[in-house]
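One structure is given here, and the rest of the page talks about it.
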Amino acid sequence: MIVCEQLTKNFRNYEMDPGVLGALKSFFHRRYRDIVAVDDFSLSIERGEFVGLLGPNGAGKTTLMKMFTGVVAPSAGRLEVLGFEPFDRSIAFRKRISLVMGQKSQLWWDIPARTSFELLRRYYEVESSIFEQRLKHLSELLEVEHLLNIHVRKLSLGERMKMELMASLLHEPDIIFLDEPTIGLDLVAQRNIRAFLRDYQREHGTTIILTSHYMADVHELCERVVLILQGQKRFDGTIEDFENLLGTDKFVSVEFKEPVDVTDSIWRPLQPKWNSDRTEVKLLVSDDEMRRTVSEILQTFPVVDFHTGKIPIEHVMETLLARPELVPLGKE
Amino acid sequence: MRVLKKYLHVYQAYFAMNLAQASSFRMHFVLVILVDIFFYASSLLSVSFIYDHVDTIGPWTREEFLFFVSFMLAIDHLHMMLVAHGYWEFSRELRTGDLDFKLLKPIGTLFPIFFDRVRPGSALLIFVPWGCLIYFGVQAGLSPLSWVLLPFLVVVAFTLAVSIQILIAMVMFWTIESIGINFLRMQLQSLSRWPDFVYLYFFRKFFTFFIPVLIVGSAPVKFLFDYSVWQPLALVCAMILLFFWLIRVFWRIGLRRYESASS
Amino acid sequence: MTSLQREASKWLSTMQIGITNQMAYKINFLLMIIGPALVFFLIKYNLWVSIYSLEGITEIKGYTLEAMIGYQAWVLLVELLAKTSNGRNLAEDIRLGRVTTYLIYPFDFWKFHSASFLGTQVVQCVIFSLTFVIVLFAGLIEPAGVFQFLAGVGFALLVGILWYSVQFFVGMMAFWLEETWMLRVIFQITAAFLSGAIIPLELYPSWLVQVLDFTPFPYMTFYPIKVFQGEYSGSLLEGYLILFFWIFVIMMFARFALRRGMRLYTAAGM
């Protein structure tokens, strides 16, 4: 479905000193700086996959999506999506993809969404009866039947996002690119969107590429994760492998009745994270050490609560962003 | 044929959407009409005031000149109603990255960029420029054949005017900021509101063959007065084809530069 | 630092931002400078030369060809100082809800925009001087004298403030309207037509000119030119006072609209 090899995108910026003098100077002489947004990126995605693109702001996720959809021209490398070269922007290609951006809206603000959908029907040349069927089906799934005839600007962010999703699904694309579809939404709305996406993907077998800063989105939806740091691919594998990147250590959280001694030598190898009044700690403990360590803590300190589990994916992500060297370069 | 039908269908939807939008902003609707009326009045009155003091300007009498002004108003009217909003939208979309959505739609992207905003309010005003056109046409003694040709020539001239302006708008891919380009575009438009014979030799040649704004109105109007002056009109048709091609070329090059600012 | 110095430094740095913004985009900036001059040479020069020469006319209402070209050159110069602000940023600030930030800033909305306007005026003064020198050496105008020149610059700068007040007032309408560009365009068209920027008011029907004297329009282009040319018939002081009067009236309206708009805005809790 998507194959890219050594894909690269450079942007050009110029710098400007502050003040009138700076403006004058840059008016006559510009200091240009090339910025590599996507660097030598290779990836291959099969039909029906649900892939999460992870990475901090400015890592190049969105640029990658925009090259996949033919919005932005690659600077170098080979790219093929659905057998097309995206930047050729052929009509047939455009009919088979869609892009949803959580921070932007494709609907007209001052008219009801229903009217905008009608325009989309004509763009994608979908027959009326089929279109109505899809519209009905989608609006039931998303529970927005009563909102179709309300002006878009009057909708809440969550409601509008549902409309945006509908707008991009009405032509039943083969690939859907979702760029932070849950950004800014409250927890309930996030969960609704997630549930919808999961069901939709199961039903249609559509290929979906998702970026999100909410690890819950990725954890719940994606089988495969690709990590991008500074434009380069740093990890590509199953979500389980990603979660195990920092090792199979367990995550142990302990709560105490009263503040305890944080300098005790037992803590040192366990990467402790204390709360401010020293009554709670989060630890990383390896499988072999688990029994011994836990019983020692229980004996030594006034423990009131205690649980253990896999390392949360948020923690993996946080650690990797802070210390990218933990992912070996070029690891597949 | 199927393609043409698709574009017509899409255009119908644009019109319906704009009508829906206009009806929810009534004050806006009225003000847009007022803009047009003020513009028409000041164009006609300026020329009329000059003719209070002279009998002819170049070869034209008051009636002929005012017929020309009305002809340009008819083009401006179509322009205001169908395209004018698009240039400003285009620059906004380039700056904010909102162009993305239009690029993704399976239709020639220039179509939604420049033609998806229609001003239904301006449609109501169709009587003003066309009323003037008929009134001064009668006074200037237009022949029956010219009356038949008139609507077609307005459309042809309008096509050239729009092509020139869209080509200029393509420069925004490079400048991003738009006020300067839009300003230039409108200045060139206002050059065409005066007949080509008022311009001195060098300017006239430049704005006939290089940036052909002067033939937009002068060529068809001269032809309507005198069929032996058909060469400029042929030039109009040739220029339309040339500009279609140039727009295509610059659009492709420009698109490679598009960076799609994100959020 | 005294509070006056502190306030002045706020104004100054805002003016700097205004200047920086104006020059941020090269081509844009050049077009804005060259644009008006281009219009002058392309349309007005050609038009009047052809009207006079094609008919062999030597004088229209006391204007010889040279006088007419001179008049149009002065229009160009006056407009460089007088018609600079366009109020677009202002309306955008309101429409995009950036007004709220000014509620928190120790430098209010009116001051911020006035200071950026003054910044633009500084740049415009430079452009004006350059254009003046060029037009002068091209022999298009004959200044009446240093006093008249200074009086004219003062007059035109005041008109600039008047123009800014109007733009500010129109921009305020963004509190109530979705878009305000129509109001701006209506005002621009009307002002260009009634201020004598297209053709000298002497050529207008006399009843219209008499009516116009009760409006600020002739003061926007026609009278400043007459001051520059040393042909202003009324008393200069009176002219200045009338301008001050109109600025005062329109500013009052604008500030009133700002207050009402803000109240509406904060009441709506946006």
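Summary of values
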{"item": "Chymotrypsin sites (Phe, Trp or Tyr not before Pro) within the range C:181-215: DSSP coil, no more than 12 neighbouring Cβ in 10 Å", "result": "C:Phe214"}
{"item": "Alpha-carbon centroid distance for the pair the range A:19-89 / the range B:117-178, whole angstrom", "result": "41 Å"}
{"item": "Whole-Å distance, taken between Cα centres, linking the range A:157-226 and the range C:216-251", "result": "64 Å"}
{"item": "Accessible area (Å², 1.4 Å probe, nearest 10) - B:Trp174", "result": "90 Å²"}
{"item": "Residues of the range B:2-257: accessible area per residue with a 1.4 Å probe, Å²", "result": "40 Å²"}
{"item": "Highest-MSF residue in chain C out of C:Met15, C:Met23, C:Met68 [GNM, Cα springs under 10 Å]", "result": "C:Met23"}
{"item": "Protein-protein interface of the range C:158-188, residues with accessible area decrease of at least 10 Å², isolated chain reference, 1.4 Å probe", "result": "C:Leu177, C:Glu178, C:Glu179, C:Trp181, C:Met182, C:Leu183, C:Val185, C:Ile186"}
{"item": "Those trypsin sites (Lys or Arg not before Pro) in the range A:215-299 that DSSP places in a loop and that have at most 14 other beta carbons within 10 Å", "result": "A:Lys257, A:Arg278"}
{"item": "Of B:Lys5/B:Lys222; A:Lys66/B:Lys6; A:Lys233/A:Lys273; A:Lys257/A:Lys282, those spanning more than 24 Å from alpha-carbon to alpha-carbon", "result": "B:Lys5/B:Lys222; A:Lys66/B:Lys6; A:Lys233/A:Lys273"}
{"item": "Accessible area of the range A:45-243 divided out per residue, in Å², using a probe of 1.4 angstrom", "result": "37 Å²"}
{"item": "Test item: B:102-111 mean partner chain Cβ contacts at 10 Å", "result": "6"}
{"item": "Nearest 10 degrees, 0 to 90: helix A:157-169 Cα axis against chain A principal axis", "result": "60 degrees"}
{"item": "Size of the C/B contact, given as accessible area buried on both chains, probe 1.4 Å, in Å²", "result": "3800 Å²"}
{"item": "Whole-Å distance, taken between Cα centres, linking the range B:193-263 and the range A:284-305", "result": "83 Å"}
{"item": "List C:Tyr265, C:Tyr232, A:Tyr214, ordered by accessible area with a 1.4 Å probe, largest first", "result": "A:Tyr214, C:Tyr232, C:Tyr265"}
{"item": "Built amide H within the under 5 Å cut-off of A:Phe235, gap 5+", "result": "A:Leu227"}
{"item": "Largest-first ordering by accessible area, 1.4 Å probe, given options C:Ser129, A:Ser276", "result": "A:Ser276, C:Ser129"}
{"item": "Cut-off under 5 Å, modelled amide H: who pairs with B:Thr56 long-range", "result": "none"}
{"item": "Other-chain or far-sequence residues with amide H under 5 Å of A:Phe306's (modelled H)", "result": "A:Glu255"}
{"item": "Sum of -39500 (n - 2.57) over DSSP H runs of 4+, divided by residues of chain A (222 nm, nearest 500)", "result": "-10500 deg cm²/dmol"}
{"item": "Selected from C:Arg260, C:Arg95, C:Arg184 as most flexible by GNM, with chain C as the system and alpha-carbon contacts under 10 Å", "result": "C:Arg260"}
{"item": "Within a Gaussian network of chain A (alpha carbon springs, distance under 10 Å), most fluctuating of A:Val260, A:Val36, A:Val316", "result": "A:Val260"}
{"item": "Dimensionless Rg/Rh of chain A - Kirkwood Rh, Rg from C-alpha atoms", "result": "1.06"}
{"item": "Solvent exposure, largest accessible area first (probe 1.4 Å, DNA, RNA and ligands not counted), of C:Lys10, C:Lys226", "result": "C:Lys10, C:Lys226"}
{"item": "Chain C shape via C-alpha gyration tensor axes, a/c threshold 1.5", "result": "prolate"}
{"item": "Interface area, B with A, accessible, probe 1.4 Å, both sides summed, Å² nearest 100", "result": "3200 Å²"}
{"item": "Percent accessible area from carbon and sulfur atoms, chain C, protein chains only, probe 1.4 Å", "result": "68 percent"}
{"item": "Residue-averaged [θ]222 nm for chain B, counting only DSSP H segments that reach four residues, each worth -39500 (n - 2.57)", "result": "-24500 deg cm²/dmol"}
{"item": "Residue-normalised accessible area of the range C:115-257, expressed per residue, 1.4 Å probe, Å²", "result": "43 Å²"}
{"item": "Helix A:287-300 axis, angle to chain A major axis (alpha carbon atoms, nearest 10°)", "result": "50 degrees"}
{"item": "Helix-only [θ]222 nm of chain C, DSSP H runs n ≥ 4, -39500 (n - 2.57) each, per residue, nearest 500", "result": "-23500 deg cm²/dmol"}
{"item": "Long-range lysine pairs (8 or more apart or interchain), chain C, Cα under 30 Å", "result": "13"}
{"item": "Per residue Cα convex hull volume in Å³ - calculated over the range B:67-174", "result": "106 Å³"}
{"item": "Under 21 Å from the Cα of A:Lys162 - lysines, other chains or at least 8 residues apart", "result": "A:Lys95, A:Lys104, A:Lys136, A:Lys154, B:Lys102, B:Lys105"}
{"item": "Solvent accessible area, Å² - C:Glu178, 1.4 Å probe, full protein context", "result": "80 Å²"}
{"item": "Antiparallel DSSP beta bridges within chain A, as percent of all bridges there, nearest 5", "result": "70 percent"}
{"item": "Sites matching chymotrypsin sites (Phe, Trp or Tyr not before Pro) across the range C:9-50 that sit in DSSP coil, with at most 12 neighbouring C-beta atoms within 10 Å", "result": "none"}
{"item": "Hz values of 3J(HN,Hα) by residue in the range C:236-245 - Karplus curve (6.51, -1.76, 1.60), Gly and Pro given as x", "result": "4, 4, 4, x, 4, 4, 4, 4, 4, 4"}
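The values are calculated or read from the model by the stated rules, or taken from the named source; none is laboratory data. In this text the structure is predicted, and so the values were computed from the model without any measurement. Please note: Cβ atoms are built from the backbone with ideal geometry, for glycine as well, and neighbour counts cover all protein chains shown. The protein model used for the area step is the full one, side chains on, heavy atoms only, and it has no ligands, DNA or RNA in it. Shrake-Rupley method; radii C 1.70, N 1.55, O 1.52, S 1.80 Å.
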